[in-house]
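S.K.: One structure coming up, written as structure tokens, with questions to follow.
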Amino acid sequence: MTDAVLDEHDIALDQLEYLKTTGNVCADGSMTGWTWLRYHEGDWQALRFATEAVHTREYIHGEVWDRERVVDWLVDNPVTMHPQSSAYRWSPDSKTVWDYADEQDAFSDRDRCVWCGHSDRTRSLGVYETVEDGTVGLCEGCRDDWDRAGELVNGEVLE
């Protein structure tokens, strides 16, 4: 049992090194949870598409991981390496998962619309009280959708 764990760990370290030294490659590794991983501008970036009801399915969660978490993920998930230029959620597509993450500022500290994921860099956001989800930030288009669906307490911006 110990040999198998060491072998998986060694393979994960090799994959980590390959991802780090080959800048245009990323790993696709899980059908659920954190799906994609790349080394970009000195950071290990992991992303997944939303599965929570409060988000659309296009919403992207992005996190920057440390080396240890990357190794653990690589050990736990069989991965397929892809050029970043062909890292699609659904193929064919005109944009990669990384293009969508960049559009949503998924790896930044910017405020984002809780529904569609777009940030305050590209959309005007307001804070609203909702029936089920508490206080959330929404862009104008998503705010209108939530208001029509009866999800906003009074429809007025709080901030």
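The values are calculated or read from the model by the stated rules, or taken from the named source; none is laboratory data. None of these values were measured; they are calculated from a predicted model. Glycine also receives a Cβ, built like all others from the backbone with ideal geometry; neighbour counts cover every protein chain displayed.
S.K.: Pairs only if they're at least six apart or on different chains, beta carbon under 7 angstrom, first in the stretch 73-86 and surrounded by 12 or more Cβ atoms within 10 Å (Cβ to Cβ), second acidic (Asp, Glu); list them, first residue then second.
M.R.: VAL75/GLU8; VAL79/ASP28; HIS82/ASP28
S.K.: Where in the stretch 3-67 are there strands (runs of 3 or more DSSP E), lying fully within it, with 2 or more residues that are modelled with pLDDT under 95 and not assigned by TED's automatic domain parsing to the domain that holds VAL114?
M.R.: Numbers: elements: 25-28, 36-40, 43-49, 60-65.
In the stretch 3-67, the matching strands (runs of 3 or more DSSP E) lie at 43-49, 60-65.
S.K.: Between LEU125, LEU152, which is farther than 30 Å from VAL25 by Cα, touching a Cys at 6+ places or on another chain (Cβ under 6 Å) and either free of Cβ contacts under 8 Å to residues at least 40 places away in the same chain or of a type in the set (Phe, Trp, Tyr) (or both)? Let's see the steps before the verdict.
M.R.: Working: LEU152 fails: touching a Cys at 6+ places or on another chain (Cβ under 6 Å).
Going through LEU125, LEU152 in turn, the sole match is LEU125.
S.K.: Being crowded, with 17+ Cβ neighbours inside 10 Å, of a type in the set (Ser, Thr, Tyr) and either in contact with a strand residue (DSSP E or B) (Cβ under 9 Å, 6 or more places away or on another chain) or under 30 Å from VAL136 (Cβ atoms) (or both): is that true of THR35 here?
M.R.: yes
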